Amino acid sequence: MMIGYMVNNVLPLRAGELVRVYVVARRWGDHFWTTAATLIVERVLDSLCIVLILGVLVFLVPVPHVVEWAAVIMLAIDVVGVTVLVAIATTPARCRRIIEGLTRRWPALSARLLQGFERFLHGLDGIRTRSHVLPLLVWTIVIWLIPAAAAWTCLRAVNLHLPWLAGWVVLAFVGLGVSIPSAPGYVGVFHAAAVLATRIFGVPETDGLGYGIVFHVSAFIPVTVLGWIYLVREHMTLGEATRARAPETETTPPAR
């Protein structure tokens, strides 16, 4: 994860997501598309959490219309993503039949897609296991409380004495902004989101920008340093990581 975040900080368009999948598949021998499935699930659930937080904030603070519309668009994408994932996880046999029916005229393509589907399905085992539900809920709450606390603590550090709610507003706005592929390290998008969030609480734009810079740096430096350290420990160069792609041949896991 740290390697992926580091690459996002130094390269544009969230390239670290692909690198993260490649590193996991390379390190632990998992199939590329199996690992990619876990990342897709994580991203969909992250987006749903952001939309949920924004949905609550709408009743507590005056959320700008541009943020509301962005949240609606993200929610629509999430609904599609959840629907597809649920369909794959709960009715894999039907999905196989659909793939076979659409590619009946192209046997080679059909075999390749079915192979990829089986690998992807294997990556959804985590959310198909009932015993995972409670730990997932607990850890989800923890990993959202920590960055909200970090955002609020950074507000205090720059002498902006705002309520605890401000940390959640910053977290939601920044999370929404950085979910869109952008410049390396989300430069510009991150700071604009921080300014927009703090403006709700009457913070002048210059002070909000100063806070955004401090908050961004406080997250950027440790993540980038840790990412480089772990990249070196994996005996991998940044060039190799950015040229990562799915292996051409892999053994297909058994059908489920």
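The values are calculated or read from the model by the stated rules, or taken from the named source; none is laboratory data. Note that the structure is predicted; figures quoted are calculated from it, not measured. Reconstructed Cβ throughout: ideal geometry from the backbone, glycine too, with neighbour counts over all protein chains shown. Protein only, heavy atoms only, side chains kept; ligands, DNA and RNA dropped before computing areas. Shrake-Rupley method; radii C 1.70, N 1.55, O 1.52, S 1.80 Å.
Under the simplified labelling scheme, the Trp164-Arg199 pair shows an inter-label distance of 2.8 nm, with each label point 7 Å from Cα along Cα→Cβ.
Would you indicate which of (i) 29, 20, 17; (ii) 37, 22, 16; (iii) 39, 24, 19 is the value of semi-axes √(5λ) of the Cα gyration tensor in Å derived from the coordinates of this structure? Computed from these coordinates, semi-axes √(5λ) of the Cα gyration tensor in Å corresponds to label (ii).
If you roll a 1.4 Å probe over the heavy atoms of the protein chains, what accessible area per residue do you get for region 4-61, in Å²?
46 Å²
Distance from the C-alpha centroid of region 109-124 to that of region 192-219: 44 Å, rounded to the whole angstrom. Seen against the Cα atoms of the chain and their longest principal axis, helix 189-199 is set at about 40 degrees. Just so you know, the Rg over Rh for region 1-89 is 1.07, from Cα atoms, with Rh as the Kirkwood radius.
Among the trypsin sites (Lys or Arg not before Pro) found in region 156-249, those both in a DSSP coil and sparsely packed, with 13 or fewer other Cβ atoms within 10 Å of their Cβ, are Arg243, Arg245. With N as its number of residues, region 117-243 has a Cα radius of gyration that, divided by 2.2 N^0.38 Å, comes to 1.31.
Each label was represented as a point 7 Å from its Cα along the Cα-to-Cβ direction; for Val61 and Ser110 these points are 5.5 nm apart.
Karplus-derived 3J(HN,Hα) values for region 110-126, using 6.51 cos²θ - 1.76 cosθ + 1.60 with θ = phi - 60°, are 4, 5, 5, 5, 5, 5, x, 5, 5, 5, 5, 4, 4, x, 8, 4, x Hz; glycine and proline are entered as x. When only Cα pairs below 8 angstrom with a gap of at least 6 residues are kept, region 58-206 shows a relative contact order of 18 percent. Averaging the Cα positions of each part gives two centres, and for region 64-90 and region 7-37 these lie 23 Å apart.
Quick check on packing: order 99-109, 48-58, 163-173 by the mean number of other C-beta atoms within 10 Å, highest mean leading.
Details: 99-109: 11.5, 48-58: 18.1, 163-173: 21.9.
So the peptides 99-109, 48-58, 163-173, ranked by packing, come out 163-173, 48-58, 99-109.
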